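Read through the structure below, which is laid out as structure tokens, and then see the notes.
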Amino acid sequence: MKKLVSLVLVLALAFTAASVAFADEMSAEDLSKLLAGDDSLVDLIDEARVEGELVVYGSCEEPYVAAAANHFAEITGLKVSYQRLSTGEVQGKIAEENHNPSADVWFGGTTDPYNESAKNGFLMAYEAVNARNLTADTYRDADGYWYGIYKGILGFMVNTDELARMNLEAPKGWNDLLDEKYKGLIWLSNPNTAGTAKLVINTMVQMLGHDQAMEYFVKLDKNIEQYTKSGSGPSKNVGTGECVIGIGFLHDGITQILKGYNNIGLIIPEEGTSYEVGATAIFDGCAHEAAAKLWIEYALSPECVELADDAESFQFLVLKNAHQPAAVEPFGLDPENVINYDFEDAKANTTKYVADFFTALGEAADARFKTE
């Protein structure tokens, strides 16, 4: 008999606790076969159940975080708490907590903040059994500090009704965004709070070179109306027309289209674009290490990633044994039509590039940069 624990507040934060009790709890052997196809996780499952709980910070959209956390609680019997935070918020929080994190694992969000956190010693390496499910080594950290669960393409989302009303053509590529006719129409996220914006900065550095990229952002800034706190912020406002051109991940645009906003167009920049790898990782010094490791195994299994399709998350999955979200197919996006993104350069230099971005903008870095 399943018993859901009611929603609770923890330290006045919007935490949700999910715990499920079973009259007949799944055996460790059966759970291991469900997650890994064999008995390789039995000892880890037993250790996690002794710990009894897990705390998750999720940086993908909240419906997916909630679905993943609740299902993990259901199949393991652990008490699971979660909080949705942007990648920049998580990165700042674990740095401030300095190896005494209030959560155990990080779930979702682009890997540049993960790489920075790993570089600074705030993630724990773990060699996951289910890493064998990944379609390529590109989708994991070589030392096991993070593992990819999905891939998202960077591009533009446009409100076709508003563009038609203003008698404007949609931008075809990055250079088009600099045209003064788009002044006040473009939204991007804040690189201090959103991994999406960090990826945009790294992408332009890798495509144009450092100095030209900074010059590009100075010019682009003249057309930016708002820098949102979250990477998905622009996409959520395109359908309503508040934002006419949003820079972000195209799967976020698909989510809005499937919510009924048929006035959204999706654009892959003609000069080329990059992609995110949405990741999961363990925080160094976490209180529930065995449960955290079990979460990684779960996150690298169809039990977790196939929840995305029903949770308004339509990224491309990077596991060989998982089915792609059916909702993505009609949009015809090619997940391989991207640049060869240099993760090592991003890992070594993202912090510097973000600082250089704000230095280049100077006084232009104003109240348009949202943190709430």
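The values are calculated or read from the model by the stated rules, or taken from the named source; none is laboratory data. Because the structure is a prediction, the values reported are computed rather than measured. Here Cβ is always computed from backbone atoms with ideal geometry, including for glycine, and neighbour counts include all displayed protein chains. Please note that ligands, DNA and RNA were not included when accessible areas were found on the heavy atoms of the full protein model with its side chains. Shrake-Rupley method; radii C 1.70, N 1.55, O 1.52, S 1.80 Å.
Going by accessible surface with a 1.4 Å probe and the largest first, His71, His99 read His99, His71. Taking a straight line from the alpha carbon of Lys93, these lysines sit under 20 Å away, with near neighbours fewer than eight places off in the same chain left out: Lys119, Lys198, Lys229, Lys347, Lys352, Lys370. Mean residue ellipticity at 222 nm, helices only, the chain: -11000 deg cm²/dmol; runs of at least 4 DSSP H residues each add -39,500 (n - 2.57), and the sum is divided by the number of residues.
With the whole protein complex present, Val55 retains an accessible surface near 20 Å², based on a 1.4 Å probe. Sorting Arg165, Arg132, Arg49 by solvent-accessible area of protein heavy atoms yields Arg165, Arg132, Arg49, largest first, with a 1.4 Å probe.
Please label the shape of the stretch 220-372 as rounded, prolate or oblate, based on the square roots a ≥ b ≥ c of the eigenvalues of the alpha-carbon gyration tensor (a/c under 1.5 means rounded; beyond that, a/b larger than b/c means prolate, else oblate). The shape class here is oblate.
Between Thr160 and Glu271, the modelled labels are 2.6 nm apart [label points 7 Å from Cα along Cα→Cβ].
The Cα atoms of the stretch 279-345 give a gyration tensor whose axes a ≥ b ≥ c have a/c of 1.5 or more with a/b no greater than b/c, which makes the shape oblate. Straightening the chain between His210 and Ser27 buys 60.5 nm, computed as 0.36 nm per residue apart minus the Cα-Cα spacing.
When DSSP beta bridges are restricted to pairs lying wholly in the chain, around 65% turn out antiparallel. Each part reduced to its alpha carbon centroid, the stretch 282-316 and the stretch 344-372 end up 30 Å apart. Quick one: work out the % antiparallel among DSSP beta bridges in the stretch 54-206, nearest 5. Bridges in the stretch 54-206 that DSSP calls antiparallel: roughly 10 percent. Comparing Gly248, Gly285, Gly195 in a Gaussian network model of the chain (Cα springs below 10 Å), the most mobile by mean-square fluctuation is Gly285.
Legend: calculated FRET efficiency, Ala125 to Ser40, from the Cβ-Cβ distance at R0 = 25 Å, rounded to 0.05, equals 0.85.
When you filter the GluC sites (Glu not before Pro) in the stretch 126-178 for DSSP loop state and at most 13 other Cβ atoms inside 10 Å of their Cβ, you are left with Glu127, Glu169. A crude spin-label estimate for the pair Asp342 and Thr371, with each label 7 Å from Cα along the Cβ direction, gives 3.1 nm.
Counting only protein heavy atoms and a 1.4 Å probe, the chain has 41 square angstrom of accessible area per residue. Note on exposure: Val80, Val42, Val129 ranked by accessible area (1.4 Å probe, complete protein assembly) read Val129, Val42, Val80, with the most exposed listed first. With the Cα gyration tensor of the stretch 70-158 giving a ≥ b ≥ c as the square roots of its eigenvalues, does the rule (a/c under 1.5 for rounded; else a/b larger than b/c for prolate; else oblate) give rounded, prolate or oblate? Rounded. Per-atom-type breakdown for the chain gives carbon and sulfur 48% of the accessible area (1.4 Å probe, protein chains only).
Could you identify which residue out of Trp174, Trp146, Trp295 has the top mean-square fluctuation in a GNM of the chain using Cα springs shorter than 10 Å? Evaluated over the chain, the most mobile residue of the options is Trp174.
Under the combined filter of DSSP loop state and at most 15 neighbouring Cβ atoms within 10 Å, the stretch 219-302 retains these GluC sites (Glu not before Pro): Glu242, Glu270, Glu271. When nucleic acids and ligands are ignored and a 1.4 Å probe is applied, Met26 ends up with an accessible area of around 70 Å². Within the listed set Gly362, Gly265, Gly246, the Gaussian network model of the chain (springs between alpha-carbon atoms below 10 Å) gives the highest mean-square fluctuation for Gly362.
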